[in-house]
Each structure stands twice: as structure tokens, then as C-alpha cells.
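The values are calculated or read from the model by the stated rules, or taken from the named source; none is laboratory data. If you're wondering where the values come from, they're calculated on a predicted model, not measured in any experiment. Note that we place each Cβ from the backbone using ideal geometry, even for glycine, and neighbour counts take in every protein chain shown. Heads up: the accessible areas ignore ligands, DNA and RNA and are worked out on the full protein's heavy atoms, side chains in. Shrake-Rupley method; radii C 1.70, N 1.55, O 1.52, S 1.80 Å.
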Amino acid sequence: MKIVRNVFGSAKEVYLGIILFFALILPHTSMSFQLVVPIMFLSLMLTKRKFVIENYVLFPIIAIIFSLMLNSGGAVSDKSVLTASSIFLCLLSFPLVSNAKIKNVYIYVCFSLIFISQICYIYHWESIISIINEYYPISWNERGIENMIKNINQENVFSFRLGGLYRNPNHCAKYVSLLLAIYFVNNKESSIIKQFLFVAICYYSILLSGSRTGFLVSSALILFALYQNKQTKNGFRIILTIIVVVLLYYNVFSEQVFRGTLVQEGMGNSAGAKYRLFKEYFLNENSYAYLLFGHFDMSLFQSVKSYSLDAEYGYIIYCYGLIGFLAFGIALWKIYQKIEKQNKFFFVVLFWMISSSIFMSFRTVFVFTLLLSTIYEANCNQTNSKWKKVRLLRKLSDNPNI
């Protein structure tokens with residue numbers, strides 16, 4: 001029984017693992033599937049002994065309310081309401097847990113399913129591909145990628161982008177990097193030798209996705225984790241050398257190239273295009289009220305294709321305005337300040353706000369809040385424990401007869 005508890009954790013940690021699994025793996029083909037994770041979040045929030053809302057959490061909530069009030073005269077899409085409701089729930093429930101963390105077994109299970117969904121296209125496992133096609137339908141902008149990977153094989157694998165069950169390669173890399181980040185937080189005291197296999201497969205998965213942001217984020221996470229691992233000094237140099245040699249080989253000596261490592265090309269084609277569209281939006285937005293408080297409705301954003309910013313900062317500014325963007329920034333900065341120093345590297349995942357989304361994604365906002373809560377709460381518990389010891393020592397010094 002003790003072995004089972006060590007592997008799967010307490011009842012609360014099992015519940016957190018189930019939430020993580022549903023948030024990452026459950027398909028969004030119906031509203032009933034989409035409501036599972038919010039309901040589990042709500043139930044966990046209601047069971048908290050102390051329900052305290054941090055002041056800085058109120059800033060984004062107020063910004064969203066102002067945006068809704070400004071745009072209440074017109075019709076609002078269901079997606080916009082669902083997105084705002086999800087952010088509300090995550091902000092109000094933060095931090096979600098106390099004295100609990102995501103055990104490794106749940107990270108392994110979630111990543112294994114994601115990785116298998118990628119490699120099944122390489123080896124043409126049609127039975128698994130048919131399941132993915134049935135429960136994870138393709139959106140209109142992913143059909144080009146899906147048609148291309150039909151010609152994939154083991155020889156040209158790195159010429160394609162594999163998104164697995166998410167279809168979108170950036171989304172796939174984003175979730176793998178989030179799992180990698182929380183894995184490093186949970187195992188910062190473990191030997192790097194024990195971590196090597198899982199980290200190597202995660203890195204390979206991200207390279208298969210061809211995501212430049214994923215490559216940068218995962219590389220930064222690995223370097224931070226290796227640097228902070230007290231048990232590894234020479235191992236840091238060895239592993240870093242292996243990574244550099246492998247990447248150089250595939251980019252210089254091999255005919256194949258990892259798309260994810262072509263960062264300079266990405267700066268011109270992807271980041272550069274986003275900047276130009278971002279500038280265009282500001283120059284063409286005539287209403288200061290909309291500029292400050294946003295349009296709230298995501299469907300309007302989709303219709304204005306010439307201003308499509310296609311990233312988190314664009315979604316937030318368009319929907320909740322510059323005030324909303326500033327409010328989210330303040331909240332994140334306040335949380336960052338309260339995180340334990342050796343866990344601050346987790347915030348590297350926020351680079352996904354440049355090319356993808358965290359808060360404005362119905363799936364990602366719950367995953368991010370869940371993982372960040374475990375880090376935040378662990379730090380608060382450690383701080384409270386330290387202050388309790390300080391108060392006890394002071395009490396003993398004042399009353400030596402105790």
C-alpha cells in the first residue's frame with residue numbers, strides 16, 4: 001500500500017493527476033467533454049479550507065468585466081464567453097491546491113500518449129491514426145499539414161511537422177514543454193542520469209513537431225535545470241556537448257534539417273510577420289475605448305483577417321485591450337515574485353505567448369494554472385513553515401522556561 005501511495009500520491013494528488021490527464025488528452029468534440037475539467041476545477045476550489053482571492057488576481061478580472069460592459073450592446077460568440085469564463089475560474093481558484101504536486105506517473109502517462117500520437121504517423125499505424133481522426137478532428141487551417149504528413153517515413157521524418165493528437169505542431173510542442181517544466185520542478189533533487197531518458201524523448205518529441213518556439217523553450221528549460229542541479233557538474237558539460245553535436249550534425253553534415261532549429265528563419269517569417277500585423281492593428285484602430293478595453297468577442301478577431309496577430313498578446317489586446325494586457329502582466333509578475341528562486345525557470349514557458357496562447361486557449365489555461373498552482377503553493381507552504389519556526393524560536397528565547 002505504501003508503494004502505491006509513493007507512486008500515485010495522496011487522494012488529492014491522484015485527483016490532480018486525473019485533471020491533468022483530462023485537460024491534456026480529453027477531446028473537445030462536444031460541450032460535455034469541454035465541461036469536465038472546469039467542473040473538476042470548481043469542485044476542487046470549493047473544497048479548499050481557505051478561499052482567499054489575491055489582490056493582483058482581481059486586475060485581469062476587472063479588465064475582462066470592463067471589456068464585456070463596453071461590448072454588451074452587440075451579440076457575443078459562445079467561444080468568447082467560454083474563454084472569459086475559463087480565465088475567470090482559473091483566476092478565482094488560484095492557487096488551486098495546497099500540499100500537493102503532480103506526481104511523475106501522471107506526467108509519464110500524458111506524455112506517452114502525446115508521443116505515441118506523433119510516431120504513429122511515422123510508422124503508419126492506421127488503427128491509432130483512425131482513432132485520432134475520429135476524436136480529434138482537423139481544423140481548416142491544419143489540413144495542409146495533415147495532407148503533407150501522409151508522405152512521411154523514417155528517412156524524411158524531420159522534413160515534416162508532427163502535431164500528434166493536437167494536429168497543430170505548436171500546440172503539441174507547447175504541452176510537451178509544460179510537462180517538461182513541471183517534471184524539472186518535481187525532480188530538481190534527482191540525479192540528471194535518472195532524468196536523462198525522459199528528457200531526451202521529450203526533446204525528440206519537440207524536434208518532431210518542428211516548432212521553433214518549442215525548441216527554444218525546451219532548450220532553455222533543459223539548460224536551466226542542468227545548471228541548477230547540484231548533483232551534476234561534469235554531466236552538464238557532457239549532455240550540453242551531445243545536444244550541440246547532434247544539432248550541428250543534422251544542420252551541417254546531414255541533408256535533413258530540424259525545422260525547429262531554424263530560429264533565424266523563424267524570426268523573419270513568423271515573429272517578423274506578427275510584429276508587422278501588430279503595428280498595422282494599432283495604426284488602424286480608430287476607437288481609443290476599444291484600444292484600451294478591447295472588443296471582447298473572439299469571433300470579431302477571426303473576421304478581421306488582415307489584423308490577425310495569431311498569438312497570445314494579440315488575442316489579449318484585441319479582446320481585453322491594453323488595460324487587460326497590463327493587468328495580466330501585473331498578475332504574472334506578482335506570482336513570479338512569490339515563486340521560489342530555484343523554480344522561477346518555469347516561467348520560461350511564457351515565451352509561448354509570442355507564437356501561441358496560454359490564457360486564451362481553453363485547454364492550455366487549465367493546464368498552466370494547475371501546474372503553476374503546485375509551484376506557487378509549495379513555495380507558500382515553505383515560507384509559512386519557515387516563519388512558524390522563526391516565531392517558535394523567538395517565543396523560546398523570550399520564555400526560556402517553556
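Remarks
- Checking Ile122 against (1) open to solvent by less than 70 Å² (accessible area, probe 1.4 Å); (2) at pLDDT 85 or above; (3) hydrophobic (A, V, I, L, M, F, W, C), the condition it does not meet: (2)
- Residue satisfying all of: in segment 88-103; part of a helix (DSSP H, G or I) and buried (at least 17 other Cβ atoms within 10 Å of the Cβ); modelled with the lowest pLDDT among these: Ser93
- Residue match in segment 343-361 (condition: modelled with pLDDT under 85, over 27 Å from Ile222 (Cβ atoms) and open to solvent by less than 40 Å² (accessible area, probe 1.4 Å)): no
- Filter result for Ala200 (over 18 Å from the mean Cα position of the chain (by Cα), at pLDDT below 75 and part of a helix (DSSP H, G or I)): no
- Residues located in segment 327-371, provided they are assigned to a helix (DSSP H, G or I), within 18 Å of Asn99 (Cβ to Cβ) and either of a type in the set (Lys, Arg) or touching a Phe, Trp or Tyr at 6+ places or on another chain (Cβ under 7 Å) (or both): Lys338, Thr369
- One residue from Ser85, Ser67 being closer than 27 Å to Gly294 by Cα, surrounded by 17 or more Cβ atoms within 10 Å (Cβ to Cβ) and in contact (Cβ under 8 Å) with a residue 24 or more places away in the chain: Ser67
- Here Met31 passes the criteria (1) under 24 Å from the mean Cα position of the chain (by Cα); (2) at pLDDT 90 or above except the one numbered (2).
- Residues in segment 289-313 that are aromatic (Phe, Trp, Tyr) and at pLDDT 60 or above were compared, and the one that is farthest from the chain's Cα centre (by Cα) is Tyr290.
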